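Enquirer: Sharing a structure here in structure tokens format.
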Amino acid sequence: MGRNTRKRRTPLATKAIAASAALALGGGGLIWANFYASAHEENSANQTKSAGAQIATIQCPDVGQKLTDVPDGARQGVDKELANLDKQISEAYTRLASTRQAQAGDAGFVDNAILGPLKSKRVAVIDRIGINIRRVGGQAPGNLEQLASCKGMAAEANTNDGQAGGGQNNDGQDQGGQDQGQDQGGQDQGQDNGGQDNGQDQGGNGGQADNGPVADDFINIQDVQPNSRNLPNGLAANGDGGSTGTFTTNCGTNQNENRNSDNVIVAPGVSNGAQHQHDYVGNQSNNAFASDEDLANAQTTCQNQGDKSSYFWPVLRIQDGSDDIDAGQPGGGQDGNVGKIVEPAEAQLKFVGNRTSDVVAMPKALRIITGDAKAFTNGLNNANTSWSCTGFEDRQVTDKYPLCPEGSSVVRTSNFQSCWDGQNIDSANHRTHVDFVEADGSCSNGFQAIPQLQVRLVYDVQAPQINNGQVQNAFAVDSFPEQLHKAITDHNDFINFFDENVMNEMVQCINNGEDCQ
């Protein structure tokens, strides 16, 4: 099993991320509700309600990440059921966001009207997942049914394994409480007061209202300490030892406006499986229904026609009140993604080597997802975000969007997993067949080093205006609705369809220390 699904952070690093993320989740736009005080609160026996406790979104266990061994014959059915779970969460979140008044007047409303029905629906889908696996002779995990219950997630940070504080489960018990802390990483300093917004609503916010982002989701890049990135995922594999060459492929910036809200890796055969729009460069046939044969025979935007690989990432939008072409469509306005889509000004796709060894060729159709589109509710185990500004790229932000000074552009950087198990082009949870390098650049668990894809996207967008805790003309990546457009949910996807000869040229170039394209 790849180490990337079970990374653990030092207490200091986790504390730093928790405090920083807690600040990011505070501010306006959260949903007020009264909940019963949790049992662990002091004198809770004498309390009847916890007035002012808030629920921002819905947090459900990520069933897909628990399924590490699904027989090939069950994959298609299981993936479709996992997409059903995502749709159910989004529908429940929509109901949560539209029933503020009812929540404020009834402490049991969220549990009875939203979380309880959601659990019932999830039980049925999870049962069908088990049936799909057992039908082809597989063995489903014995505790799947325990993943049916969801929580109302309050404004505290979720920094570990999906068990965020500040949640209400479907037994109606508040897991909340206030947290105060300082970020040890130097990025943010301040106190989290349970995420209360003092009644301030984000209002229109370019049409986004309570779905984010909010003012506290942004930070001035000049206030970020250099070299303070605090996520161990996504380390650069290249260095001054081992295989030191590079291979750059130029595939444009999606001038073709090739976009859809599918994800053929996670939800094959499911239209709008991502519930957010992706920019595609390279392969021009990527959609939910594309087979490997379709992708292999597709057109490509890459200058090197031997590269038919698919590179895709969630679009960036400016929430300036204007509508894009998908304003009323799935993946767009129907899923809470509003505003003008911005094409990258630059899209650099570079493959680098490994600082301790040579690299081997990637297999055809290898799939890699880096980052986690659900990191806001899942926690940081698979998060991999690097936000910065041109001229300040030694300052990387993980859980906030950067405010860049005039003349500086927003930068998104993704360093992909670059250790491969040597056998599989994918895995049931789309994680365990690849892994990140260790701190010294080596691969663990017998994995082999492959060329590391590094994607650098540059956007010419103006910094949002933030006044009195309100944000105007915000920018944000598309996301699942319940993820509130948080910066930590950024992610990037790759499917290898390099011609075998070109892939071998890449490997030779990197291992020989040359810079090629």
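Enquirer: Looking at Ala236, Ala290, can you tell me which residue is among the hydrophobic types (A, V, I, L, M, F, W, C) and closer than 30 Å to Ser444 by Cα?
Expert: Details: Ala290 fails: closer than 30 Å to Ser444 by Cα.
Answer to the check: Ala236.
A quick yes/no check of all residues on (1) at pLDDT 95 or above; (2) within 23 Å of the chain's Cα centre (by Cα); (3) closer than 30 Å to Ile466 by Cβ:
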| site | (1), (2), (3) |
| --- | --- |
| Ala16 | no, yes, yes |
| Gly26 | no, yes, yes |
| Glu42 | no, no, no |
| Ile55 | no, yes, yes |
| Gln59 | yes, yes, yes |
| Lys80 | yes, yes, no |
| Asp86 | yes, yes, no |
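Enquirer: Name every residue in segment 310-324 that is hydrophobic (A, V, I, L, M, F, W, C) and touching a Gly at 6+ places or on another chain (Cβ under 8 Å), in order of residue number. Don't jump to the end; show me each part of the working.
Expert: Of all residues in segment 310-324, those hydrophobic (A, V, I, L, M, F, W, C) come to 312-313, 315-316, 318.
Hit for segment 310-324 is Ile318, nothing else.
Enquirer: Further, regarding this structure: Going through segment 437-471 one residue at a time, which ones are assigned to a loop (DSSP other than H, G, I, E, B), of a type in the set (A, V, I, L, M, F, W, C) and farther than 27 Å from Ser310 by Cβ?
Expert: To start, the set of residues in segment 437-471 that are assigned to a loop (DSSP other than H, G, I, E, B) comprises 437-447, 450-451, 460-464, 468-469.
Now drop any that are not of a type in the set (A, V, I, L, M, F, W, C), which leaves 437, 439, 443, 447, 450, 461, 463.
Answer for segment 437-471, where residues must be assigned to a loop (DSSP other than H, G, I, E, B), of a type in the set (A, V, I, L, M, F, W, C) and farther than 27 Å from Ser310 by Cβ: Ala439, Ala463.
Enquirer: Condition first: out of contact with any Phe, Trp or Tyr (no Cβ under 8 Å at 6 or more places or on another chain), closer than 27 Å to Ala74 by Cβ and open to solvent by 30 Å² or more (accessible area, probe 1.4 Å). Can you find one or more residues in segment 406-423 that meet it?
Expert: Taking every residue of segment 406-423 in turn, at least one turns out to be out of contact with any Phe, Trp or Tyr (no Cβ under 8 Å at 6 or more places or on another chain), closer than 27 Å to Ala74 by Cβ and open to solvent by 30 Å² or more (accessible area, probe 1.4 Å).
Enquirer: Here is a follow-up. What is the number of the single condition among (1) under 16 Å from Phe351 (Cα atoms); (2) touching a Phe, Trp or Tyr at 6+ places or on another chain (Cβ under 6 Å) that Phe218 does not meet?
Expert: Looking at each condition in turn, Phe218 falls short on (1).
Enquirer: Cβ-Cβ under 6 Å, sequence separation 6+ or interchain: first residue in segment 51-76 and over 23 Å from Lys87 (Cα atoms) and polar (S, T, N, Q), partner surrounded by fewer than 22 Cβ atoms within 10 Å (Cβ to Cβ) and at pLDDT below 90. Which pairs?
Expert: That search, which allows pairs on different chains as well, returns Gln54/Trp32.
Enquirer: Another question, if that's okay. Considering only segment 437-481, state which residues are open to solvent by 10 Å² or more (accessible area, probe 1.4 Å), among the aromatic types (Phe, Trp, Tyr) and within 22 Å of the chain's Cα centre (by Cα).
Expert: Within segment 437-481, just Phe480 meets the criteria.
Enquirer: From the list Ala124, Ala113, Ala74, which one is part of a helix (DSSP H, G or I), more than 26 Å from Ile369 (Cβ to Cβ) and touching a Lys or Arg at 6+ places or on another chain (Cβ under 9 Å)?
Expert: Working: Ala124 fails: touching a Lys or Arg at 6+ places or on another chain (Cβ under 9 Å); Ala74 fails: more than 26 Å from Ile369 (Cβ to Cβ).
Result of the check over Ala124, Ala113, Ala74: Ala113.
Enquirer: Could I ask something else about it? Being within 15 Å of the chain's Cα centre (by Cα), under 26 Å from Gly239 (Cβ atoms) and either of a type in the set (A, V, I, L, M, F, W, C) or in a strand (DSSP E or B) (or both) is the filter here, so list the residues in segment 395-436 that pass it.
Expert: Val397, Arg412, Thr413, Ser414, Asn415, Phe416
Enquirer: The conditions are (1) over 29 Å from Gln462 (Cα atoms); (2) hydrophobic (A, V, I, L, M, F, W, C); (3) in contact (Cβ under 8 Å) with a residue 60 or more places away in the chain, and Trp313 fails exactly one of them. Which is it?
Expert: Among (1) over 29 Å from Gln462 (Cα atoms); (2) hydrophobic (A, V, I, L, M, F, W, C); (3) in contact (Cβ under 8 Å) with a residue 60 or more places away in the chain, the lone unmet condition for Trp313 is (1).
Enquirer: Evaluate segment 220-235: report whether one residue or more is buried (at least 21 other Cβ atoms within 10 Å of the Cβ) and in a helix (DSSP H, G or I).
Expert: Yes; the residues of segment 220-235 include at least one that is buried (at least 21 other Cβ atoms within 10 Å of the Cβ) and in a helix (DSSP H, G or I).
The values are calculated or read from the model by the stated rules, or taken from the named source; none is laboratory data. These numbers come from a predicted model, not from an experiment. Because the Cβ atoms are built from the backbone with ideal geometry, glycine has one as well, and the counts that use them run over all protein chains shown. Ligands, DNA and RNA are stripped out before the accessible areas are found, and what is left, the full protein with its side chains, is counted by its heavy atoms. Shrake-Rupley method; radii C 1.70, N 1.55, O 1.52, S 1.80 Å.
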